[in-house]
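Remarks on the structure that follows.
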Amino acid sequence: MRVARRMHKIPPYMFAELDRRRAALKARGVDVISLGIGDPDLPTPDHIVEALIRAARDPATHQYPPYEGTREYRQAVADWYARRFGVALDPNTEVLALIGSKEGLAHLPWVFVDPGDMVLVSDPGYPVYGTAALMAEGEPYPVPMSRERGWVPDLGAVPPDVARRARLMFLNYPNNPTAGTAEPGFFAEAVEFAKRWDILIVHDNTYSEIAYDGYRPPSVLQLPGAKDVAIELHSLSKTYCMTGWRIGFAVGNPEAVRALAALKMNIDSGQFAAVQAAGVAALRGPEEPTRSRVAVWQRRRDAAVAGLRAIGFDVAAPRATFYLWVPVPAGYDSVGFTAHLLDHAGVVVTPGAGYGAGGEGFVRVSLTVPDERVHEAVDRIRSALSEPAGRPAEPSGRR
Ligand SMILES: *Cc1c(COP(=O)(O)O)cnc(C)c1O
């Protein structure tokens, strides 16, 4: 059997590799603390689970759902957008249900990218953007980001011949992995850039509700004229702790929404209508469950930032996401430091280089474990720092 050439372009999925390493350590009896994967540890709110159970009992949900999503789900999305962002959306032409936002992100290049077209992806960034561009035989162009610029890409540094060939620009604020946030001023710049070069902005707004200290992340669609050039993707995964449920949505430019729907019609047949009914309960339901979950992550953020700063890390306290983007100590690169923490602390973090060359020098710490494990992880990292770099914890014969 021979797989298609394009499959060789897929880099190893970093989280799968981390999972394997963690499993190997666990098999050796090591008590591993995983701060590696961005998957909320807190449960889906009860009223959402109840809505699924009720809907699943209704045989009407047992048949194929409408391709574009149920009318109730699209209306709930439009109403949520009006309430949350003050953005008016037509549920019939400007809202599309997704089987998780990753599904939409991965399919968009198929819709807009011809072989040889360029796709602007931020570096570092969520790996799906670049891989999806490669599967459509496009060329991802990494736009550098830096701590100095607050982890927003420098669009002025994109060469004109690249901008001319670009069809899509992926943006993601609040950002995974850097936890950076964008001000409306940046989106204005992005919209202007997209108009000038005829590029579709794909804004991944997965973390809009995971924010602290009163910060309310914006929608790119709040900018005048943004709907001409932008589509925004959301996920219920992080907002409502529903990663396993696979439900999200795309909103914005009606042509882009229609084109994505036309592709999806030929690939999937929509998300289970009962899951969409649960999505309606989530979007229309009380905000308290999200608020209390965010308060838990904020508490962990404060503990981890204070703990890591006390042992010498120059780590910023993020305004959003449940990630810390931590500079690695001198003498390590990100993969080396990740391996050191695995060997000497039994702590899993994600090496920044896995998100692109621009992530080198950092590791991502995910605060998705109970508070006491966050404290313990910091203690273990402190001890691991006193071990010399590059020496394994045990004689290699025992591993
Ligand atoms: C978690 C995550 C997603 C995936 O969300 P799903 O709706 O579960 O597919 C997309 N983008 C970013 C940046 C994420 O961190």
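The values are calculated or read from the model by the stated rules, or taken from the named source; none is laboratory data. Note that the structure is a prediction, hence the values are computed from the model and not measured. Please note: Cβ atoms are built from the backbone with ideal geometry, for glycine as well, and neighbour counts cover all protein chains shown. Calculation scope for accessible area: heavy atoms of the full protein, side chains included, ligands and nucleic acids excluded. Shrake-Rupley method; radii C 1.70, N 1.55, O 1.52, S 1.80 Å.
Tabulated values for the structure
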quantity	calculated
Within the stretch 268-295: backbone nitrogen closer than 15 Å to the Ile53 label point (7 Å, Cα to C-beta)	278
Distant-in-sequence amide H partners of Ser219 (H built 1.01 Å from N, under 5 Å)	none
Local electrostatic count at Ser34 - Lys and Arg +1, Asp and Glu -1, tallied over other residues with Cβ under 13 Å	+2
Amide hydrogen neighbours beyond the local backbone of Leu171, cut-off 5 Å, H modeled	Val202, His203, Asp204
For the stretch 81-229, average projected area of the Cα convex hull in nm²	8.9 nm²
Whole-angstrom Cα spans of the stretch 52-157 along principal axes, big to small	53, 33, 26
Whole-Å distance, taken between Cα centres, linking the stretch 103-133 and the stretch 155-234	14 Å
Gain upon complete extension [Asn266, Thr93; 0.36 nm per residue less C-alpha separation]	60.4 nm
Crossing angle, helix 254-264 versus the chain [Cα axis fit, 0-90 degrees, rounded to tens]	70 degrees
Charge tally in the Cβ shell below 14 Å around Ile99, where Lys, Arg are +1 and Asp, Glu are -1, Ile99 excluded	0
Sites Arg84 and Asp31 - FRET efficiency at Förster radius 45 Å, r taken between beta-carbons, to 0.05	0.65
Accessible solvent surface per residue of the chain, calculated while the other protein chains remain in place, 1.4 angstrom probe, Å²	43 Å²
Inter-site label distance for Asp114 and Glu255 at 7 Å from Cα along Cβ, in nm	1.5 nm
Dipole of the chain, positive end: most advanced residue of Pro174, Gly359, Pro160 [Cβ charges, Cα centre]	Gly359
The chain: equivalent-ellipsoid semi-axes (sqrt of 5 x gyration tensor eigenvalues, Cα, Å)	34, 26, 21
Calculated from backbone phi, Karplus (6.51, -1.76, 1.60) coupling profile of the stretch 66-81 in Hz, x at Gly/Pro	x, 3, 7, x, 5, 4, 5, 5, 5, 5, 5, 5, 4, 5, 4, 4
Note, ³J(HN,Hα) from phi for the stretch 295-304, Karplus 6.51, -1.76, 1.60, rounded to Hz, x at Gly and Pro	4, 5, 5, 5, 4, 5, 4, 4, 5, 5
Principal-axis tilt of helix 101-112 within the chain, Cα atoms, nearest 10 degrees	60 degrees
Built amide H within the under 5 Å cut-off of Val363, gap 5+	Val326, Val328, Gly352
Carbon + sulfur, % of accessible area of the stretch 46-284 - ligands and nucleic acids excluded, 1.4 Å	52 percent
Total charge dipole magnitude, the chain, about the Cα centre, Cβ charges on Lys, Arg, Asp, Glu only, Debye to nearest 20	740 debye
Per-peptide average of other Cβ atoms within 10 Å, ordering 309-317, 34-42 highest first	34-42, 309-317
Longest segment of the chain lacking GluC sites (Glu not before Pro) that sit in a DSSP loop with at most 14 other Cβ atoms within 10 Å	1-147
Charge dipole magnitude, Cβ of K and R +1, D and E -1 - the stretch 155-199, Cα centre, debye nearest 20	220 debye
Local net charge near Gly180, Cβ-Cβ under 14 Å (Lys/Arg +1, Asp/Glu -1)	-1
